[in-house]
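The values are calculated or read from the model by the stated rules, or taken from the named source; none is laboratory data. Keep in mind that this is a model prediction, so the values were computed, not measured. Because the Cβ atoms are built from the backbone with ideal geometry, glycine has one as well, and the counts that use them run over all protein chains shown. What goes into the accessible areas is simple: the full protein's heavy atoms, side chains included, and nothing from ligands, DNA or RNA. Shrake-Rupley method; radii C 1.70, N 1.55, O 1.52, S 1.80 Å.
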Amino acid sequence: MSYLAKPKFHHPALPENTLGYTRRDYEGAISTLCAGCGHDSITAAIVEACFELSIAPHRVAKISGIGCSSKTPTYFLGNSHGFNSVHGRMPSVLTGASLANRDLIYLGVSGDGDSASIGLGQFAHALRRGVNMVYIVENNGVYGLTKGQFSATADDGSKSKQGVVNIDKPIDLTALALQLGASYVARSFSGDKAQLVSLIKGAIEHEGAALVDVISPCVAFNNHVGSTKSYDYVREHNIAVNRLDVIVGRTPITVDYEPGKLELVQQHDGSWLRLRKLNAEYSVHDRRAAIDFLLEHEAKSEIVTGLLYVASDKDELHADLNTTDTPLNALSQKELCPGMARLEEINASLG
Amino acid sequence: MPDTLAISRVNDFVVRFANTNGSGSASANELFARAVLRMGVPVAARNIFPSNIQGLPTWYEVRVCEAGYLGARGGTDLVVAMNPQTFAKDQAGLEPGGYLIYDSTRPVQKSQFREDITVLGAPLGAICNKEYNDPRERQLFKNIMYIGVLAAVLEMDTGEIDTLIGRQFAGKERLIEANVRAFHLGRDWAIENLPCPIGLCVRRADAVGGRIFIDGNSATALGAVFGGATVCAWYPITPSTSIADAFSAYCARFRIDPETGKKRYAIIQTEDELASSGMVIGAAWNGARAFAPTSGPGISLMQEFLGLAYFAEIPAVIMDVQRGGPSTGMPTRTQQSDILLAAYASHGDTKHVLLFPEGPAEAFEFSALSFDLADRLQTPVLLMLDLDIGMNHRLCAPLRWDDDRVYDRGKVMTAADLDAGKDFGRYLDVDGDGIPYRTYPGTHPRKGSYFTRGTTRDRYARYTEEGGPYVDNMERLLKKFETAKDLVPGPVITLASIPSRYGVIYFGSTSPAMDEAADLLEADGHALDRMRVRAFPFNRDVDAFLRAHEAVFVVEQNRDAQLRTLIITECGVNPAKLTPVLHFDGTPITARFIAAAIAARLGEAAKQSERAVA
Ligand SMILES: Cc1ncc(C[n+]2csc(CCOP(=O)(O)OP(=O)(O)O)c2C)c(N)n1
Ligand code: SF4
Ligand SMILES: [Mg+2]
């Protein structure tokens, strides 16, 4: 099929954000994914998050790998540049883009095959470098685009549509991200839009490597009984550790929650994360405890969602590299080229 | 040995140093080469080293040549044999009448020496043991000491060496003094105890001029700095690592914001070459000039990304410092064996722009140029160096930069262009040269954004799987490649002194050996026109040269005649017209080899035509 432009019809009553954009301005072409695909809900959540945060669409660069999930950047932020790269290599392309211009928001979109199978290496290295990005994995446990083979996040014992049982151990991308030093780690479910939107908003406001692993059922190949990534299974086994609100630019009002159950975390850009604790014991500041918690609940076949970790120290690639505040792609020839006089000095030293 | 046999030559001989890896000999050996240069005599210096860090044999060869031939000559006239492991082999490699300098601290039986050479033993170990207590010092000063012995037997100016030592250790008076002392210890011992001078001699001349002595990798890195590269993504691999090292050093010198101390560049040591090519593509897509230095194995890993960059039209610059085949061992030897791999890198119909510098001066020029070409053509450009160029110091013209030169950033639409209502189609050929306009991400709030994909798009970057738009796009990419022919550096053609039916084509590091071979052949009565190819796609002058000659030799440093294949395919030449001359044992090609191979073929041809007449 060919390109389907969405009719750009602005209803006068459509609400605008502080920049004067409506939700429509954050949409893209009409999705060509299967009806009911979890990935479409993530697309909608990204649109909502960007609208609510009043992000200028052209200040976002969307970069993906290959897969049904990696096709989705066509379906949101139609006024942003996008790059559908190669399978499993989104992180390196995104890292390079981020090096070139530190001023844009980088939205990396990937699948579980893309990130946990073929691209596990790049996944790991981008996180450990602290690239300032929102890294979204649309995780359905299978390769959707190649028709339903197991991916590396498929659970041990999970059954395929044809009844084949997966015998390999699953890779938990959030646990891995915690170990690798990602500074914002969250998991969500494409069936829980409110949670997903707020976790994406928090990730966008976060400076550093932010991973959002979203369980996103594949209705065509992995939504049956025996699958551990189906809508029903995830709903039944989901335990959310907290609910998040992201408040930009002002101190949040904290009246409407029970005391002791609410926590405020300020991010480096000044935004606030308001966390309503659903599990009183769970701390978002303890990397090690978070990994323990994940392993403990995985053993009970439970899927932990929510904001799992946010670092208190800033750790971001450009800061580590000490690059100029001016984006590298905006430096002038005068700033870049030493010129003939310097070259003469070099020549003289080589005689 | 009868004296008449001993080689007797001034300013025209080959010295070879045989050492062990990690013994610190490299800087002493380089000191010798630089001292000869300072005496006004050209040298060509080459490292031959193993794929390990310590303990294996290494050699450093210095060809002293007032006539100015800078290719490897083949054969050795004097060997400084400091490695007992290779002693026999080093001696065997000497030309008849050659000279052997060795450490005579431990006696070597007379029967172990060749009879047709001059043996010069110096008890360097013993002198060092007497003078120094620290084992490391003993090793290091022994190196300087054999330079002293060499200076004595070759009658070199000591002043030049003293100056060079002073320069090398500038600011460290104690080290200068100690090294100068070690040098003179060796020299004084030799003057008293050896039959100085010998038949070989370095005599002051005026044949170096204003030339500089630099390795190709440093020159390439400088080219990237001058060419405005801001992102370097690399994964360590010999022989390309020193490009990243040099880029880092030059950037630290020239690219720090004086006010904030912050860097106007970013260097990432990646996890592999997939990632380094991916980062270069991401950065270039986003409007920065970016490059990845690597070698053949890295190019192998970059295949998928190179194809993406070709189809997505991203100006990625890749430097390939070529070496021998896979695994370790041969890889620290030189070859030109990635030509086809690079020219057609990736799946699908792809072709890439290649540049072939002949040495450091062109490496600098082409390195800077590659960023302009990549931006102009919106496609990957591969700078094809090799170990011989990259890792050896070469005497070359001083590097030049025109301060009036303005970077060619290619066709980039700005916010102002978009506001002025210019029609933006990412893959729209508005100028008829196959090159479309691009926009950088973040340019304009409502206009000019597009979605980058491999193929599957129409002229306005809209998704389509239709055959028509695909073919349309692929044909435009071909047109763009045609445009490239007039933008890349053309060949350098040198005509023989008399008109010739024969031509010879060569490229890259073969250049100095070929120049010398042409002189040898001409002296033998074989006149050949020669053409040094400097880029792919082949400029139109390449076709003209092929047409103008009856038979053409193609000289390459690989087994499969890769450039020849490329010429046959791209220029549609009858293969019978192109005779391959191939050298691929990992050592740099020599004039002797080329001249002998071509003379043999021409001799055969002459005989055949005589027979035909008779
Ligand atoms: C190098 C390479 N190998 C294989 C493929 C084929 N391929 C396309 S998508 C895909 C799997 C995608 O799975 P995932 O990332 O989980 O995305 P999903 O479709 O499930 O959203 C594969 C194997 C490819 N495009 N490139
Ligand atoms: S195959 Fe699965 S992942 Fe792909 S679009 Fe359909 S439901 Fe979604
Ligand atoms: Mg998947």
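Return one number: the angle in degrees, 0 to 90 and rounded to the nearest 10, between the long axis of the Cα atoms of helix A:120-129 and the longest principal axis of the Cα atoms of chain A.
Orientation of helix A:120-129: about 60 degrees from the principal axis.
Spelling out what I want: for every residue of the stretch B:370-383, take phi, set θ = phi - 60°, compute 6.51 cos²θ - 1.76 cosθ + 1.60 (Karplus), and round to whole Hz; glycine and proline get x.
For the stretch B:370-383, the Karplus curve yields 4, 6, 5, 4, 4, 5, 5, 8, 6, 7, x, 10, 10, 8 Hz.
Placing +1 at every Lys and Arg Cβ and -1 at every Asp and Glu Cβ, with all other atoms neutral, what dipole size does the protein assembly as shown have around its Cα centre, in debye to the nearest 20?
In total the dipole reaches around 520 debye.
Taking the Cα centroid of the stretch B:12-50 and of the stretch B:190-238, what is the distance between the two, rounded to the nearest whole Å?
10
Along the charge dipole of the protein assembly as shown, which of A:THR95, B:GLN608, B:ALA363 sits closest to the positive end, that is, farthest toward it, with unit charges on the beta carbon of Lys, Arg, Asp and Glu (+1, +1, -1, -1)?
Sorting the options by dipole projection puts first A:THR95.
So, for the stretch A:201-351, what is the accessible surface per residue at a probe of 1.4 Å, expressed in square angstrom?
47
Calculate the FRET efficiency for B:ARG601 and B:THR569 from the Cβ-Cβ distance with a Förster distance of 30 Å, rounded to the nearest 0.05.
On the way: r = 23 Å, r/R0 = 0.77.
Efficiency at R0 = 30 Å is approximately 0.85.
So, in nm, how far is label A:ARG276 from label A:ASP245 when the simple model puts each one 7 Å beyond its Cα toward the Cβ?
Distance between label points: 0.8 nm.
Full-extension gain between B:SER27 and B:GLU115, please, as 0.36 nm times their residue separation minus the C-alpha to C-alpha distance.
28.5 nm
Amide H neighbours of A:ASN238 under 5 Å, counting only residues 5+ apart in sequence or on other chains, H built in-plane at 1.01 Å?
A:ILE303
Give me the extension gain from A:ASP269 to A:ILE30: residue separation times 0.36 nm, minus the current Cα-Cα distance, reported in nm with one decimal.
Numbers: separation 239, 0.36 × 239 = 86.04 nm, distance 3.34 nm.
Gain in length upon complete extension: 82.7 nm.
Once A and B are treated as a pair rather than alone, how much accessible area drops out, both sides summed, in Å² to 100, probe 1.4 Å?
Values: alone 16500 and 25700 Å², together 36540 Å².
The contact between B and A buries close to 5700 Å².
With each pseudo-label sitting 7 Å past Cα toward Cβ, what's the B:ARG446-B:ARG253 distance in nm, one decimal?
The answer from the label model is 5.1 nm.
With respect to the cross-link table entries A:LYS62/A:LYS314; A:LYS334/B:LYS262; A:LYS161/A:LYS229; B:LYS351/B:LYS479; B:LYS485/B:LYS577; B:LYS351/B:LYS485, which display a Cα-Cα separation exceeding 18 Å? Let's see the in-between values first.
On the way: A:LYS62/A:LYS314 23 Å; A:LYS334/B:LYS262 16 Å; A:LYS161/A:LYS229 12 Å; B:LYS351/B:LYS479 12 Å; B:LYS485/B:LYS577 23 Å; B:LYS351/B:LYS485 12 Å.
Over 18 Å apart, Cα to Cα: A:LYS62/A:LYS314; B:LYS485/B:LYS577.
Chain B: D in µm²/s via Stokes-Einstein (Kirkwood Rh, Cα pairs, 25 °C, 0.890 mPa s)?
Calculated translational D: 93 µm²/s.
Return the carbon/sulfur percentage of the accessible area of the stretch B:411-487, one whole number, probe 1.4 Å, all protein chains in place.
Of all accessible area on the stretch B:411-487, carbon and sulfur atoms account for 51 percent.
Just to confirm my numbers, what's the Cα centroid distance between the stretch A:186-243 and the stretch B:370-424 in Å?
Cα centres, the stretch A:186-243 to the stretch B:370-424: 45 Å.
Residue farthest toward the positive end of the dipole of chain B, with Cβ of Lys/Arg at +1 and Asp/Glu at -1: which of B:VAL153, B:PRO380, B:THR238?
Going by the charge dipole, the pick is B:THR238.
Measure nothing fancy, just the Cα-based angle from helix B:25-38's long axis to the longest principal axis of chain B, in degrees from 0 to 90, nearest 10.
Helix B:25-38 sits roughly 90 degrees off the main axis of chain B.
If the label point is 7 Å along Cα→Cβ of B:ARG9, which residues in the stretch B:58-81 have backbone nitrogen under 13 Å from it?
Residues B:62-79 qualify, since their backbone N sits under 13 Å from the label point.
Where only protein heavy atoms count, and the probe is 1.4 Å, what is the accessible area per residue for the stretch B:109-232 in Å²? Could the numbers behind the result be given before it?
Working: 5340 Å² over 124 residues.
Accessible area per residue: 43 Å².
Tell me, what is a quarter of the convex hull surface for the C-alpha atoms of the stretch B:3-201, in nm² with one decimal?
About 10.9 nm², averaged over all directions.
Using 7 Å Cα-to-Cβ label points, what is the A:LEU295/B:THR260 separation (nm, one decimal)?
Taking the simple label geometry, A:LEU295 and B:THR260 are separated by 4.2 nm.
How much length, in nm to one decimal, is gained on full extension between A:LEU14 and A:ALA341, taken as 0.36 nm per residue of separation minus their Cα-Cα distance? Can you show the working numbers first?
Numbers: separation 327, 0.36 × 327 = 117.72 nm, distance 6.02 nm.
Taking 0.36 nm per residue and subtracting the Cα distance, the gain is 111.7 nm.
For n ≥ 4 DSSP H runs only, could you compute -39500 (n - 2.57) per run for chain B, divide by its residues and tell me the 222 nm figure to the nearest 500?
Result for chain B, helices only: -12000 deg cm²/dmol.
Please give the peptides A:85-92, A:173-180, A:200-207, A:268-275 ranked by average Cβ packing (other Cβ atoms within 10 Å per residue), highest first, as a rough proxy for protection.
Packing proxy ranking, top to bottom: A:85-92, A:200-207, A:173-180, A:268-275.
Of all the accessible heavy-atom surface of the stretch B:3-201, with the other protein chains kept in place and a 1.4 Å probe, what percent is carbon and sulfur?
Carbon with sulfur: 51 percent of the solvent-accessible area.
Just the number, please: Stokes-Einstein D of the protein assembly as shown in µm²/s, Kirkwood Rh from C-alpha pairs, 25 °C, 0.890 mPa s.
D = 78 µm²/s.
Using a 10 Å cut-off around each Cβ of peptide A:66-77, what is the average number of partner chain Cβ atoms that fall inside?
Per residue, the average neighbour count from other chains is 1.
Please identify which residues in the stretch B:569-594 have an amide N closer than 17 Å to a label point set 7 Å out from the Cα of B:ALA523, following the Cα→Cβ vector.
B:590-594, by backbone N distance to the label point.
Compare the Cα positions of B:THR443, B:PHE481, B:TYR427 along the charge dipole of the stretch B:411-487 (+1 at Cβ of Lys, Arg; -1 at Cβ of Asp, Glu; about the Cα centre) and return the one farthest towards the positive end.
Projecting each Cα onto the dipole axis, the largest value belongs to B:THR443.
Summarise the accessible area of chain A (1.4 Å probe, protein heavy atoms) by the percent that is carbon and sulfur.
52
Compute the FRET efficiency between B:GLU137 and A:VAL165 as 1/(1 + (r/R0)^6), taking r as their Cβ-Cβ distance and R0 = 56 Å, and round to the nearest 0.05. Provide the component values of the computation, followed by the final result.
Numbers: r = 68 Å, r/R0 = 1.22.
The calculated FRET efficiency here is 0.25.
Give me the net charge for the shell around B:ARG559: Cβ to Cβ below 13 angstrom, other residues only, Lys and Arg +1, Asp and Glu -1.
-3
How tilted is helix A:193-205 with respect to the longest principal axis of chain A? Cα atoms for both, answer in degrees (0 to 90, nearest 10).
Result, in degrees: 20.
If you average the alpha carbon positions of the stretch B:79-154 and of the stretch A:58-129, how far apart do those two centres end up, in angstrom?
Each part's Cα centre sits 60 Å from the other's.
Residues of the stretch A:290-325 losing 20 Å² or more of accessible surface, assembly versus chain alone, probe 1.4 Å, please list them.
A:LEU321, A:ASN322, A:THR323, A:THR324, A:ASP325
Given a Förster distance of 51 angstrom, what is the FRET efficiency for B:ALA207 paired with A:ASP286, based on the Cβ-Cβ distance and rounded to 0.05? List each step's numbers first, then the result.
Values: r = 72 Å, r/R0 = 1.41.
Efficiency computed from Cβ-Cβ geometry: 0.10.
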